[in-house]
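The values are calculated or read from the model by the stated rules, or taken from the named source; none is laboratory data. This structure is a prediction, so every number in the text was calculated from the model and none was measured. Cβ atoms come from the backbone with ideal geometry, glycine included; neighbour counts cover every protein chain shown. Only protein heavy atoms, including side chains, enter the accessible area calculation; ligands, DNA and RNA are left aside. Shrake-Rupley method; radii C 1.70, N 1.55, O 1.52, S 1.80 Å.
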Amino acid sequence: MHAQPRPETSSAVLIRGGRVIDPASGADHAADVLIRNGRVEAIGPDLDAPGAEVLDATGCLVTPGLIDPHVHLREPGFTHKEDIASGTGAAVAGGFTTVCCMPNTRPTIDVPEVVCWITDRAAATGCCRVFCVSAGTLGRKGVELADIDGCVAAGSVGISDDGDAIADPDIMQRVLERCAEHDRVFMQHCQDPAMTAGSVMHEGRVSRRLGLTGWPREAEETIVARDIDLARQTGARYHIQHISSAGTVELIRQARSEGLAVSGEASPHHLLLTDEAIERLGSAAKMNPPLREWPDVLALREGVADGTVTVLATDHAPHATDEKRNPMASAPFGIIGLETALALYAEALVHNGLIGWDRLIALMTIEPARLCNLDQQGLGSLTVGGPGDVTVIDPEREWVISPDDLKGKSVNTPFLGRAVRGRAVATVVGGRVAFRLEREAAVV
Amino acid sequence: MWDGPHLLTTHDPDGDEVRALLERAREESFEPDALAGRAVATVFFEDSTRTRVSFSLAGQRLGARVVDWSSRGSSISKGETMTDTFWTIESMGFDIVVVRHGESGAARLLADHAHCAVINAGDGTHQHPTQALTDALALGEALGREQGWDFSGLRVAIVGDCVSSRVARSNAGLLGVLGAAVTLVGPEPMAPAALGEALGCAVSHDLDAEIGRADAVMTLRMQLERGAGTLLPEGYDYRAGFALTRERAERMKPGAVVMHPGPMNRGVEIDGAVADGPRSLIRKQVAAGVRVRMAVLEEAMRRSG
């Protein structure tokens with residue numbers, strides 16, 4: 001029912017000399033971690049395991065495998081942009097051991113057969129665990145309900161029409177009722193279609209100067225406000241994808257203070273860039289929802305720091321170079337994120353002292369695990385007996401984001417050339433070392 | 001304004017590049033073989049009369065071979081993209097490509113990957129820099145401001161659908177940097193306060209209040225093909241509020257001039273009698289366009305080194 005990486009039972013992995021952080025249990029101490037038969041066998045000082053593959057974690061953080069609840073793997077349908085093999089290759093290179101893929105594939109993930117197909121495909125070709133988020137409506141068209149019951153039974157871990165909002169409130173209410181019934185989170189891509197016809201970037205000074213059609217904050221906030229009411233009525237868990245506006249952060253804050261099961265996620269680009277980037281980078285900085293202004297960036301960071309925003313998600317959206325090499329109005333939305341996320345989150349949140357590494361790890365492990373019920377399988381935490389999914393992070397590793405370095409098929413990111421700090425140096429998935437940074441590359 | 005050999009916008013923070021180019025266009029001391037042995041292509045994905053013809057003529061007067069391409073009748077109908085079309089033409093060995101496209105940012109995108117000089121001849125609702133240079137040349141010469149190109153003290157009203165206009169955006173920046181006080185005038189949806197703020201100029205929704213104090217009134221074409229009609233309520237009487245009628249023209253200051261970037265919708269945004277009347281600079285604008293484009297091509301070639 002759920003994706004499992006190919007088991008590697010014959011060997012053991014010993015991660016030695018690191019600082020073990022497990023936000024779920026509050027553990028934060030120096031220890032070795034021994035993984036055998038796909039599961040964590042021991043955590044403690046001076047472990048020894050003859051014959052085990054040893055990873056030297058001196059100076060590094062040893063954390064539960066990172067989880068990204070929002071990626072686009074493009075398979076089936078758009079494998080010139082990315083596929084499950086390349087996308088999960090990028091994931092493990094970024095420290096992720098689990099990703100949740102969005103349903104805007106072709107065919108759409110709106111029937112159990114597609115959930116099963118992706119799950120099987122990921123088991124055969126993937127480097128990490130892959131779970132499906134299936135559509136709320138057929139073909140993500142917002143008109144008829146998808147087979148939510150069947151998809152959940154097949155293993156769907158969340159419901160979303162990502163790429164589009166469910167605009168019709170009646171349909172939305174019925175989808176939320178199904179989600180509540182199955183205890184699955186609904187993840188809304190908050191974009192009022194009527195307010196964003198032809199929109200390509202944030203509506204503001206820059207869009208007016210450039211003569212580009214603007215996308216107001218209100219197009220996000222009106223959907224959020226409406227949905228919070230529907231979540232209250234239905235009792236469903238409701239999650240706001242890729243928050244872009246300060247107003248959305250405030251709406252989530254109010255809903256949470258009321259005790260509603262409302263959450264939201266922040267993406268690296270919304271934590272670091274503003275609409276000014278469009279002026280420099282054009283379509284490379286075109287994303288959905290758009291980059292906004294500095295007060296929005298600061299409000300989003302503040303929301304993360306005060307616990308309003310509990311999940312980090314990349315919205316990894318690969319596009320071929322020639323697709324992105326179009327003027328703003330005709331280029332596709334989106335940027336890649338899996339391999340750059342950890343360093344960019346660290347830049348936006350940790351290096352400036354806003355939060356500590358322990359909180360950052362929580363936002364990337366146990367929080368998204370709970371969002372998608374993956375904690376019920378032991379994912380998102382690092383405990384003896386739990387899954388052998390572990391990420392080793394060098395928080396001080398300095399590197400420059402370069403296209404030659406990226407493992408995915410696409411290199412569409414406005415962060416190329418950026419000097420960053422912090423990197424996954426080893427990623428263990430189900431007891432198998434799925435990624436290990438080359439030694440040479442480790443020397444800066 | 002210049003970005004290497006490319007001319008993409010009128011953005012020129014201290015105005016030096018703008019003044020140098022206007023001065024060169026005014027002197028008109030071009031060498032007839034300045035571009036001898038060079039090849040210039042005009043690549044137009046949108047229709048044009050004056051911009052296209054004046055670039056071609058300018059290139060020929062400087063001794064270049066000029067090839068005109070337009071999307072009508074081309075491989076665009078076979079699904080070739082803008083970028084591939086541009087590369088196809090560029091690969092034939094042109095030194096300068098003059099490009100017009102319906103999307104904002106198109107010229108910048110092509111320039112970023114080009115091996116030749118790219119001149120923006122209009123990109124969507126963003127910029128049309130040679131039109132603004134042309135307007136500044138005609139205006140400066142008409143009002144005796146060509147010594148030093150100092151427009152301070154001049155009031156210029158740009159009237160019409162500013163929000164959809166690349167001419168308004170280009171002129172607001174260029175005339176502003178020369179010292180003119182620019183006011184965008186139009187019904188609120190066509191001249192919103194936020195646009196004035198973004199472009200650094202004033203906004204007015206009352207043409208009758210502006211008409212008596214402007215030194216130049218630049219009327220914009222109602223761009224029905226860019227959806228100008230949808231910005232205003234059904235039955236809105238544009239003419240009553242914002243057309244440059246004969247009655248309004250009579251209330252202009254002595255010596256004040258009327259401009260229009262063309263093509264005109266006579267009887268819509270401007271009365272024929274005003275367009276053809278004594279205040280009109282419209283034909284001088286067209287003539288100035290050839291000199292400006294000669295100066296632009298010469299400078300682009302010089303910068304291509």
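Quick notes on this one:
- Any chance residue A:219 is within 25 Å of residue A:314 (Cα to Cα), in contact with an Asp or Glu (Cβ under 7 Å, 6 or more places away or on another chain), assigned to a helix (DSSP H, G or I) and among the hydrophobic types (A, V, I, L, M, F, W, C): yes
- Residues (touching a residue at least 60 places away in the same chain (Cβ under 8 Å) and among the polar types (S, T, N, Q)) located in the range A:365-395: A:365, A:373, A:377, A:381, A:383, A:391
- Selection count, the range A:15-24, where residues are open to solvent by 10 Å² or more (accessible area, probe 1.4 Å) and assigned to a strand (DSSP E or B): 3
- Restricting attention to the range B:97-113, the residues being at the interface with chain A (Cβ under 8 Å from one of its Cβ atoms), among the charged types (D, E, K, R) and touching a strand residue (DSSP E or B) at 6+ places or on another chain (Cβ under 7 Å) number 1.
- Test: residue in the range B:227-245 that is at pLDDT 95 or above and within 18 Å of residue B:143 (Cα to Cα): no
- Looking only at the range B:201-221, and only at residues there that are surrounded by 23 or more Cβ atoms within 10 Å (Cβ to Cβ) and touching a residue at least 60 places away in the same chain (Cβ under 8 Å), the one that is nearest to residue B:126 (Cα to Cα): B:220
- Scanning the range A:194-211 for residues that are away from chain B (no Cβ under 11 Å) and either within 19 Å of residue B:106 (Cα to Cα) or open to solvent by less than 60 Å² (accessible area, probe 1.4 Å) (or both), we see that the one that is nearest to the chain's Cα centre (by Cα) is A:202.
- Of the residues making up the range A:232-253, just one is of a type in the set (D, E, K, R) and not in a helix (DSSP H, G or I), namely A:237.
- Residue check, residue B:30 outside any strand (DSSP E or B), over 17 Å from residue B:128 (Cβ atoms) and not polar (S, T, N, Q): yes
- For the condition among the hydrophobic types (A, V, I, L, M, F, W, C), surrounded by fewer than 24 Cβ atoms within 10 Å (Cβ to Cβ), more than 22 Å from the chain's Cα centre (by Cα) and in a helix (DSSP H, G or I), residue B:198 does not qualify.
- Unmet requirement for residue B:57, which otherwise passes all of (1) in a loop (DSSP other than H, G, I, E, B); (2) away from chain A (no Cβ under 14 Å); (3) modelled with pLDDT of 95 or more: (1)
- Selected residue [over 26 Å from residue A:332 (Cα atoms) and not acidic (Asp, Glu)] from A:204, A:259, A:158: A:259
- Check on residue A:224, open to solvent by less than 20 Å² (accessible area, probe 1.4 Å), more than 14 Å from every other protein chain (Cβ to nearest Cβ) and touching a Lys or Arg at 6+ places or on another chain (Cβ under 7 Å): no
- If only residues of the range A:284-305 that are part of a helix (DSSP H, G or I) and open to solvent by 10 Å² or more (accessible area, probe 1.4 Å) are counted, the one that is modelled with the lowest pLDDT is A:284.
- Within the range A:270-283, the set of residues being among the aliphatic types (A, V, I, L, M) and outside any loop (DSSP other than H, G, I, E, B) comprises A:271, A:272, A:277, A:278, A:281.
Residues checked against (1) on the phi < 0 side of the Ramachandran plot; (2) within 14 Å of chain A (Cβ to nearest Cβ); (3) in contact (Cβ under 8 Å) with a residue 40 or more places away in the chain:
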{"residue": "B:118", "(1), (2), (3)": "yes, yes, yes"}
{"residue": "B:122", "(1), (2), (3)": "no, yes, yes"}
{"residue": "B:129", "(1), (2), (3)": "yes, yes, yes"}
{"residue": "B:136", "(1), (2), (3)": "yes, no, yes"}
{"residue": "B:141", "(1), (2), (3)": "yes, no, yes"}
{"residue": "B:146", "(1), (2), (3)": "yes, no, yes"}
{"residue": "B:152", "(1), (2), (3)": "yes, no, no"}
{"residue": "B:161", "(1), (2), (3)": "yes, yes, yes"}
{"residue": "B:174", "(1), (2), (3)": "yes, yes, yes"}
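- The residues in the range A:341-369 that are touching a Ser or Thr at 6+ places or on another chain (Cβ under 6 Å) and within 19 Å of residue A:407 (Cα to Cα) can be counted, and the count is 1.
- Any chance residue A:156 is farther than 28 Å from residue A:116 by Cβ and away from chain B (no Cβ under 14 Å): no
- Residue in the range A:210-228 that is under 30 Å from residue B:124 (Cα atoms) and either touching a Phe, Trp or Tyr at 6+ places or on another chain (Cβ under 6 Å) or without any contact (Cβ under 8 Å) to a residue 12 or more places away in the chain (or both) present: yes
Here is a yes/no grid of residues against (1) within 14 Å of chain A (Cβ to nearest Cβ); (2) among the hydroxyl-bearing types (Ser, Thr, Tyr):
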site: B:29; (1), (2): no, yes
site: B:42; (1), (2): no, yes
site: B:69; (1), (2): no, no
site: B:75; (1), (2): no, yes
site: B:84; (1), (2): yes, no
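- Condition check for residue A:160: touching a residue at least 40 places away in the same chain (Cβ under 8 Å), of a type in the set (Gly, Ala, Ser) and under 15 Å from residue A:313 (Cβ atoms): yes
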